[in-house]
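Working notes, beginning with the structure itself.
The values are calculated or read from the model by the stated rules, or taken from the named source; none is laboratory data. Computed from a predicted structure; not experimentally measured. A quick note on method: Cβ atoms are made from the backbone with ideal geometry, for glycine too, and the neighbour counts reach across all protein chains shown. Ligands, DNA and RNA are excluded from the accessible area calculation, which covers all protein heavy atoms including side chains. Shrake-Rupley method; radii C 1.70, N 1.55, O 1.52, S 1.80 Å.
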Amino acid sequence: MNIHSIELRTIQLPLVRPFRTSFGTQTSRELLLVKVTDAQGVEGWAEDVAMSEPLYSPEYVAGNLDLIKRFLIPTLFSRSELRAEDVSELLSPYLGAPMAKAALETAILDVQLRSEKISLASYLGATKSKVECGVSVGIAPTIDQLLEEVASYVDAGYRRIKLKIEPGWDVEPVRIVRETWPNIPLQVDANQAYSRSDGDHLAKLDPYNLLLIEQPLDEHDILGHAGLAKKVKTPICLDESIVSLRAAEDALALEATTIINIKPGRVGGYIESVRIHDLCVERKIPVWCGGMLETGIGRAANLALAALPGFTLPGDTSASARYFKEDVTNPFVMNDGYLEVPQGFGIGVEPHMDFLEEITTSKEIVTR
Ligand code: NPQ
Ligand code: MG
């Protein structure tokens, strides 16, 4: 394909309720959207999942906007013909920034697949037409409010509950939620809030039949996770640490993780995500699709990925209504605990331009 222009747009969407994790509280979701238009006028959309601040990863919206304009777009424009499969290598001289690179690669892939009349799901190798949904539940002000929120998700039909934890909010909320719903698939996510010496404490979660403990330690502490995995019976699942296929291979070789959360933004795109999926299938490691409070644009693409056969655990691919009163696309609505995988060409969804304009905080178009 031949890129004609790239539009960079920041939007701000209020959340239906504050989302508190061990690294902070978010009340609104700022996002950078990318639209690529080719010489034929075909448009492709993607979203950069970086947050406003570098709290979950070193990337952040304003930084990625600068990086994309200053370095990444000029590099893409240096090629007259480009395929999505070449983007990651072309951008590799610029270090880091997997979320920015993933957004560009995905928007280009969306154009390419729309031109070729193929859905992202079939391009990636999806085998399912709907995927089981889980939901991520923030740290609540009180146990009563936690139970109320979990009850609303259980009633809505979610097939797996994930509780965000941190020191001081772990064993007690897990115990009470497990007592209230003895059979619901339940897991926890610490977002790196613990240290190597917390093994005995985290082992107190073992009686509650959790599917997994997600990312208890620092993202760079692979050996620490391997040590923890020997002390704690609940399976360890890495999120932040798995930044590439190579990182996944290393973590598996060191026995630091027995389940992997795949987030396309964190690993530089959907193509790298499929490589990690394939490795995990070969090693019989269950994978599931993480979430970054995506709008319908990112959610559509995540559902295509989560439809691959190795995604055997419900992901954080929740319904639009979990986060937003109004989504930028047709809302993703859960039916019997499942979301349907978009089957249209490319990512299979289009933004509602009127609503998008309402929530846009900045917009610029870079033309070759
Ligand atoms: C995780 N996501 O698995 C994350 C991290 C996360 C669904 O739990 C604004 C934007 C707030 C992105 C909070 C879920 C966020 C965010 C948490 C991502 O670790
Ligand atoms: Mg996580």
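With respect to residue 3, is the statement that it is over 22 Å from residue 293 (Cβ atoms) and surrounded by 19 or more Cβ atoms within 10 Å (Cβ to Cβ) true? The answer is yes for residue 3.
Number of residues in segment 218-262 that are within 15 Å of ligand 2 (Cβ to nearest atom), more than 25 Å from residue 198 (Cα to Cα) and out of contact with any helix residue (DSSP H, G or I) (no Cβ under 8 Å at 6 or more places or on another chain): the value is 0. When residue 266 is tested against (1) of a type in the set (Lys, Arg); (2) within 16 Å of ligand 1 (Cβ to nearest atom); (3) out of contact with any Pro (no Cβ under 8 Å at 6 or more places or on another chain), just one condition goes unmet, and that condition is (3). Considering only segment 217-234, I want to know if a residue exists there that is closer than 26 Å to residue 34 by Cβ and either modelled with pLDDT under 95 or open to solvent by 10 Å² or more (accessible area, probe 1.4 Å) (or both). Yes, because at least one residue in segment 217-234 is closer than 26 Å to residue 34 by Cβ and either modelled with pLDDT under 95 or open to solvent by 10 Å² or more (accessible area, probe 1.4 Å) (or both).
With of a type in the set (Asp, Glu) and either more than 16 Å from ligand 2 (Cβ to nearest atom) or without any contact (Cβ under 8 Å) to a residue 12 or more places away in the chain (or both) as the only criterion, which of 132, 166 stands out?
Values: 166 fails: either more than 16 Å from ligand 2 (Cβ to nearest atom) or without any contact (Cβ under 8 Å) to a residue 12 or more places away in the chain (or both).
Exactly one residue qualifies, and that residue is 132.
Is segment 194-202 home to any residue that is within 16 Å of ligand 1 (Cβ to nearest atom), in contact with a helix residue (DSSP H, G or I) (Cβ under 9 Å, 6 or more places away or on another chain) and open to solvent by 10 Å² or more (accessible area, probe 1.4 Å)? Give the steps one after another, and end with the answer.
Residues of segment 194-202 within 16 Å of ligand 1 (Cβ to nearest atom): 194.
Narrowing the set further to residues that are in contact with a helix residue (DSSP H, G or I) (Cβ under 9 Å, 6 or more places away or on another chain) leaves 194.
With the extra rule that they be open to solvent by 10 Å² or more (accessible area, probe 1.4 Å), the set shrinks to 194.
Within segment 194-202, one or more residues are within 16 Å of ligand 1 (Cβ to nearest atom), in contact with a helix residue (DSSP H, G or I) (Cβ under 9 Å, 6 or more places away or on another chain) and open to solvent by 10 Å² or more (accessible area, probe 1.4 Å).
Scanning segment 72-125 for residues that are of a type in the set (Phe, Trp, Tyr) and outside any helix (DSSP H, G or I) returns a single hit, 94. Per the conditions (1) in contact (Cβ under 8 Å) with a residue 60 or more places away in the chain; (2) within 30 Å of residue 218 (Cα to Cα); (3) open to solvent by less than 10 Å² (accessible area, probe 1.4 Å), the sole criterion not satisfied by residue 98 is (3). Cβ-Cβ contacts under 9 Å between residues 6 or more apart (or on different chains), taken from a first residue in segment 268-286 that is within 16 Å of residue 251 (Cα to Cα) to a second residue that is open to solvent by 80 Å² or more (accessible area, probe 1.4 Å) and not aliphatic (A, V, I, L, M), are listed as 286/312. Checked against (1) of a type in the set (Ser, Thr, Tyr); (2) under 20 Å from residue 56 (Cα atoms); (3) away from ligand 1 (no atom under 16 Å from the Cβ), residue 312 passes all but a single condition, namely (2).
Based on this model, can you work out whether residue 39 counts as of a type in the set (A, V, I, L, M) and without any contact (Cβ under 8 Å) to a residue 40 or more places away in the chain? If you could, list the steps in order and put the result at the bottom.
Working: of a type in the set (A, V, I, L, M): yes; without any contact (Cβ under 8 Å) to a residue 40 or more places away in the chain: yes.
Criteria met by residue 39.
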